[in-house]
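Here's the structure we're looking at; comments come further down.
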Amino acid sequence: MKCLSLLGLVILAWTLGCERPAPPVVKNARSVMGTFAEVTAVAPERTTAQRAVEAAYARLDDVNRLMSDYVADSEVGRLNALTAGDSLVVSPETFHCLEQGVRIAELSGGAFDPTCRPLVALWKRAGQEDRLPTDADLQQVLTSVGWRKLRLDPATRRVTPTVDGMQIDLGGIAKGYALDLAAEAMRAAGATSGLVDVGGDVVAFGPREDGRPWRIGVKHPFQAGLLLTLSLTDLAVATSGVQQRFNTVAGRRYSHIVDPRTGCPAEQAPAVTVIAPDGLTADAWATAFSVLSVDEGAALLEHTPRPGVEVMWVLPGPADPLIRQTEGFAVYVADGANTKPANPHGSNAGTP
Ligand code: AMP
Ligand code: MG
């Protein structure tokens, strides 16, 4: 009898749970950081969800204002006007990106480098003038590039370039950090879950309003449409593509991502998607793995595993793209395109 009434209670609770209407969802798309953004907030009240969306956009704008190297009076713009030995105290946000950027530069053997701007500018100019840089140009520019030449004092948040011509570019990391800050602001505003998507890079927290994980599309690098869909929650996803933006010189495309080790544009996997516990990590490593070859990247993950970081490399194949991914990446793949594994061994988990 006791058992029966207990069962009744369980059924009642389950039924009530099923009948509870889904919480309000507010979804809003805007243009942010020169790209398309979409913020989705779930909250007990619609007005709370709306406030959370506004809070997210405010944080995205903050990061752009502080760290865009196109805005002359941004903190990064002001850092880039310094001469060797001069210094600037920056906001906690900018300092965090620089500190993490330098850390990932070291971990990636210099593939990621927040001081790469002179190289990015050199290759942009090459595209505008339709003329390849000479070896002398490259060597000259490389003298002002290198994360070891940037002094960061965590106690005062003072940033000091130690060589003339040093230029900061947080384009490979700031967007991911902006996603983290936006998600944090949404939670603080009362959102129980949410999704922040800026140009396909995403941070998702909490479950969707129906209690299921969020579904996140990864664009096909070689044609219109999606390559696959990921199903996840409380994680970030970022994709970098060496052919996504490029400079054309003598009819050849050169990536907007540079290899700071050589000074030349990155020429590795056309697209790399990284899943990580936070947006900053996903963004910076997606850029780093675009510079490293697939084998270099896989070896790095094997020798110094990064907790929670899962990677998918998409390479051109004879018909469908070839996919190589870490074992853990496959866990999040909900629907995959008709793709083949690039290498059935090692960390490659095969097709979704
Ligand atoms: P993403 O789309 O996140 O891969 O970032 C690409 C942007 O990062 C470029 O447009 C540059 O502003 C910057 N960038 C290019 N090469 C590097 C590099 N090797 N390390 C760090 N940032 C880079
Ligand atoms: Mg990046």
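The values are calculated or read from the model by the stated rules, or taken from the named source; none is laboratory data. Fair warning: this is a prediction, and the values are worked out from it, not measured in the lab. All Cβ positions, even for glycine, are placed from backbone atoms using ideal geometry, and neighbour counts span all protein chains on display. Accessible surface is based on the protein model in full, side chains and every heavy atom, while ligands, DNA and RNA are left aside. Shrake-Rupley method; radii C 1.70, N 1.55, O 1.52, S 1.80 Å.
Let a ≥ b ≥ c be the square roots of the eigenvalues of the Cα gyration tensor of the range 59-150; is it rounded (a/c under 1.5), or, if not, prolate (a/b larger than b/c) or oblate? Since a/c reaches 1.5 and a/b is larger than b/c, the shape of the range 59-150 is classed as prolate. Among the helices of the chain, those built from whole DSSP H runs whose Cα atoms reach 20 Å or more along their own axis and whose mean Kyte-Doolittle hydropathy is at least -1.0 are 2-19, 46-67, 92-107, 174-188. Rolled with a 1.4 Å probe across the full set of protein chains, the surface gives Arg30 an accessible area near 80 Å².
Report D for the range 46-104 in µm² per second (integer): Stokes-Einstein, Kirkwood Rh on Cα pairs, 10 °C, 1.306 mPa s.
On the way: Rh = 13.1 Å.
For the chosen part, D equals 122 µm²/s.
Contour minus end-to-end for Glu184 and Glu38, with contour as 0.36 nm per residue of separation and end-to-end as the Cα-Cα distance?
Details: separation 146, 0.36 × 146 = 52.56 nm, distance 1.58 nm.
Value of the extension gain: 51.0 nm.
Spin-label model, Arg125 to Ser87: label points 7 Å out along the Cα-to-beta-carbon direction sit 3.0 nm apart. Subtracting the Cα-Cα distance of Asp320 and Ala58 from 0.36 nm times their residue separation leaves 90.3 nm of extension gain.
Ala185 sits among other residues whose Cβ lies under 13 Å from its own Cβ, and their net charge, with Lys and Arg +1 and Asp and Glu -1, is -3. Computed over protein heavy atoms with a 1.4 Å probe, the accessible surface of the chain works out to 47 Å² per residue. Candidate cross-link partners of Lys149 among the aspartates and glutamates, defined by an alpha-carbon separation under 15 Å and a same-chain spacing of 8 or more, comprise Asp86, Glu99, Glu106, Asp113, Asp164, Asp169. Springs between Cα atoms under 10 Å define the GNM used for the chain, and in it the highest mean-square fluctuation of Gln139, Gln268, Gln167 occurs at Gln139. With Cβ to Cβ distances under 13 Å as the rule, what net charge do the other residues near Ala250 carry (K, R +1; D, E -1)? Net of charged neighbours comes to +1.
Which value, in Å³ per residue, describes the convex hull spanned by the Cα atoms of the range 118-212?
On the way: hull volume 15.1 nm³, N = 95.
For the range 118-212, the hull spanned by Cα atoms encloses 159 Å³ per residue.
Classify the range 177-237 as rounded, prolate or oblate from the Cα gyration tensor: take a ≥ b ≥ c as the square roots of its eigenvalues, call it rounded if a/c is under 1.5, otherwise prolate when a/b beats b/c and oblate if not. Please list the in-between numbers first.
Values: a/c = 3.21, a/b = 1.64, b/c = 1.95.
Verdict is oblate for the range 177-237.
Starting with the highest mean, order 171-181, 230-240 by the number of other Cβ atoms within 10 Å, averaged over the residues of each peptide.
On the way: 171-181: 26.7, 230-240: 22.4.
Sorting 171-181, 230-240 by mean packing, highest first, produces 171-181, 230-240.
Per atom type, the range 143-291 shows carbon and sulfur on 47% of its accessible surface, probed at 1.4 Å. With one equal scatterer per alpha carbon and no solvent term, the Debye-computed log10 I(q)/I(0) for the chain at 0.08, 0.15 1/Å reads -0.43, -1.31.
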